[in-house]
2 protein chains.
Amino acid sequence: MVRSNPQRRAALVDAAIEVLAREGARGLTFRSVDAEAAVPPGTASNYFANRDELLTQAGARVYERLVPDEQTLAEQRAAGRDRETYARLMRDLVGRVSGFRSGYLALLELRLESTRRPALRAILTERVRADLDANIGYHLESGLPGDATSVELLYLALNWLIVEQLTLPDVLSPAERERLVTAAVERIVRE
Amino acid sequence: MVRSNPQRRAALVDAAIEVLAREGARGLTFRSVDAEAAVPPGTASNYFANRDELLTQAGARVYERLVPDEQTLAEQRAAGRDRETYARLMRDLVGRVSGFRSGYLALLELRLESTRRPALRAILTERVRADLDANIGYHLESGLPGDATSVELLYLALNWLIVEQLTLPDVLSPAERERLVTAAVERIVRE
């Protein structure tokens, strides 16, 4: 019987994110998730049919946790519509995403694991594509400068900037990273 | 005693790259490398002092194998110096790097492993920074349009494009990826 206490389930998925980031996809087992969540052995296996389901839900949960809160959204709505504002919003975005270090690293682990698991790859592909489309749609409605291509190019550049920051943080200094986000918006976004 | 047959050593390092890409950093053991290289058990442990040395050499070897051959370099030297040529060179570069699929995936595994291993992180940081500096230096001497910032921004955008292609190849179609490389050069590179 699959259990359905939603708080317990969310805590297990959050624990899976931490295990993924720390131990890699290969370190993720029901047992390691039980230990991370400090619940009795056997708990995770009552909540998830199999390991793939746990991997998939961990990925979905990272996206969920990265959705900006109401205050951030209100600030975005109230902000200007010039390129300088856009650059500031992108610097904030990079800070917010890289601030959820374990979540982003878990997503990278899931991407690598998906090269070995077609079912996981299909689900992640759908999620990433939907996220990119939502970003494009949101952007085009926002009144901020830039077309769909500029959203895609920023998506590419900022993702690798976050990879760099989280995996090899001394390749670029914080000041260099900030300068590059600003330069990316200035060059990629046409008014 | 550490053995020194250079062909044998290179074959073991190449085998380590394949194991890293296929099994992840956690799957890399002397035993798995011996099996991948089809050599007697115990061979890898005669060539490398420890697992960290093998990881480090695998990373260095990927960079080595990504250096363009003489023919490619000659074509680059003979090519035009306009933005259209630059875009073509970047499309070729993405094709060449993503064509060494196991090498690029191995580097991603090493980046994630380096979040757990400070010694590996230090060595990779130096290697990646040196590579970026070399790219900037080479570019500024080449006579191609664009400044150091444009090289850095292309480095960011094209790396994530390759991650996307190798991990979730259906998020962007081949035609979309090609269009994005061209657009990246057009927008980021100022003549």
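Between the stretch A:53-117 and the stretch B:106-169, what's the alpha-carbon centroid distance in Å?
Result: 22 Å between the Cα centres.
Using square roots of five times the C-alpha gyration tensor eigenvalues, list the equivalent-ellipsoid semi-axes of the stretch A:6-61 in whole Å, biggest first.
Over the Cα atoms of the stretch A:6-61, the ellipsoid semi-axes are 14, 12, 10 Å.
Percent relative contact order of the stretch A:67-188, based on C-alpha pairs within less than 8 angstrom and at least six residues apart?
36
For helix A:118-142, report the angle its Cα long axis makes with the longest principal axis of the Cα atoms of chain A; keep it between 0 and 90° and round to the nearest 10°.
It works out to around 30 degrees.
Just going by the charge dipole of the protein assembly as shown, with Lys and Arg at +1 and Asp and Glu at -1 on Cβ, which of B:T115, A:Y104, B:L132 is farthest out on the positive end?
My answer, from the dipole projection, is B:T115.
Please list, by residue number, every one of the trypsin sites (Lys or Arg not before Pro) in the stretch B:47-99 that is coil in DSSP and has at most 12 other beta-carbon atoms within 10 Å.
Sites meeting the loop and neighbour criteria: B:R81.
Can you pull out the buried accessible area for chains A and B, both sides counted, probe 1.4 Å, rounded to the nearest 100 Å²? Mind showing how you got there, number by number?
Values: alone 10920 and 10930 Å², together 17340 Å².
Accessible area lost upon association: around 4500 Å².
Sequence-distant or interchain residues sharing an amide H contact under 5 Å with A:F100, placed H: which?
Long-range HN contacts for A:F100: none found.
Under unit Cβ charges (Lys, Arg +1; Asp, Glu -1), what dipole magnitude, rounded to 20 debye, does the protein assembly as shown have relative to its Cα centre?
960
So what are the ³J(HN,Hα) numbers for the stretch B:20-26, from phi and the Karplus equation (6.51, -1.76, 1.60; θ = phi - 60°), rounded to whole Hz, Gly and Pro as x?
For the stretch B:20-26, the Karplus-derived couplings read 4, 5, 7, 10, x, 4, 6 Hz, x marking Gly and Pro.
I'd like the mean, over residues of B:99-109, of how many other protein chain beta carbons sit within 10 Å of each residue's own Cβ.
1
I need the GluC sites (Glu not before Pro) found in the stretch A:89-127, filtered to DSSP loop residues with at most 15 other beta carbons within 10 Å of theirs. If you can, show how the numbers build up before the last one.
Details: sites: A:E109, A:E113, A:E126; in loops: none.
Hits after loop and neighbour filter: nothing returned.
For the protein assembly as shown, what class follows from the C-alpha gyration tensor (a ≥ b ≥ c being the square roots of its eigenvalues): rounded when a/c is under 1.5, otherwise prolate if a/b is larger than b/c, else oblate?
oblate
Once a ≥ b ≥ c are taken as the square roots of the eigenvalues of the Cα gyration tensor of the stretch A:67-188, is the result rounded (a/c under 1.5), prolate (a/b larger than b/c) or oblate (a/b not larger than b/c)?
Here the stretch A:67-188 falls in the oblate category.
Note the angle between two axes, namely the Cα long axis of helix B:83-99 and the longest principal axis of the Cα atoms of chain B, as a number of degrees from 0 to 90, rounded to the nearest 10.
20
For the stretch B:62-73, what does the Karplus curve 6.51 cos²θ - 1.76 cosθ + 1.60, with θ = phi - 60°, yield as ³J(HN,Hα) per residue in whole Hz, taken in order and with x for Gly and Pro?
Here the 3J(HN,Hα) series is 4, 4, 4, 6, 8, 4, x, 6, 4, 5, 4, 4 Hz.
When ligands, DNA and RNA are left out and all protein chains stay put, how many square angstrom of accessible area per residue does the protein assembly as shown have with a 1.4 Å probe?
Value returned for the protein assembly as shown: 45 Å² of accessible area per residue.
Show B:D147, B:D92 ordered by accessible area, largest first, where the area counts protein heavy atoms only and the probe is 1.4 Å.
Ranked list, largest accessible area first: B:D92, B:D147.
In debye to the nearest 20, how big a dipole does the stretch A:115-161 give about its Cα centre with +1 on each Lys and Arg Cβ and -1 on each Asp and Glu Cβ? Show your work: numbers first, answer last.
Working: 5 positive and 6 negative charges, 94 e Å.
For this selection, approximately 460 debye.
What accessible area, in Å² to the nearest ten, does a 1.4 Å probe give for A:M90?
Surface accessible to solvent at A:M90 totals approximately 30 Å².
In whole Hz and in residue order, list the ³J(HN,Hα) couplings for the stretch A:40-52 that follow from phi through the Karplus curve 6.51 cos²θ - 1.76 cosθ + 1.60, θ = phi - 60°; x for Gly and Pro.
For the stretch A:40-52, the Karplus-derived couplings read x, x, x, 5, 4, 5, 7, 9, 10, 4, 7, 4, 4 Hz, x marking Gly and Pro.
For A:D147, enumerate residues with amide H under 5 Å from its amide H, sequence gap 5+ or separate chain, H modeled in the peptide plane.
A:R190
Shielding of B:18-24 by partners, i.e. mean partner chain Cβ atoms within 10 Å per residue? Don't jump to the answer; show the numbers that get you there.
Numbers: counts 0, 0, 0, 3, 2, 2, 9.
So the per-residue partner count for this stretch is 2.
The values are calculated or read from the model by the stated rules, or taken from the named source; none is laboratory data. What you are looking at is a predicted structure, and each value in this text was computed from that prediction instead of being measured. Note: ideal-geometry Cβ built from the backbone for every residue, glycine included; neighbour counts use all protein chains shown. These accessible areas exclude ligands, DNA and RNA; they are computed on the full protein's heavy atoms, side chains included. Shrake-Rupley method; radii C 1.70, N 1.55, O 1.52, S 1.80 Å.
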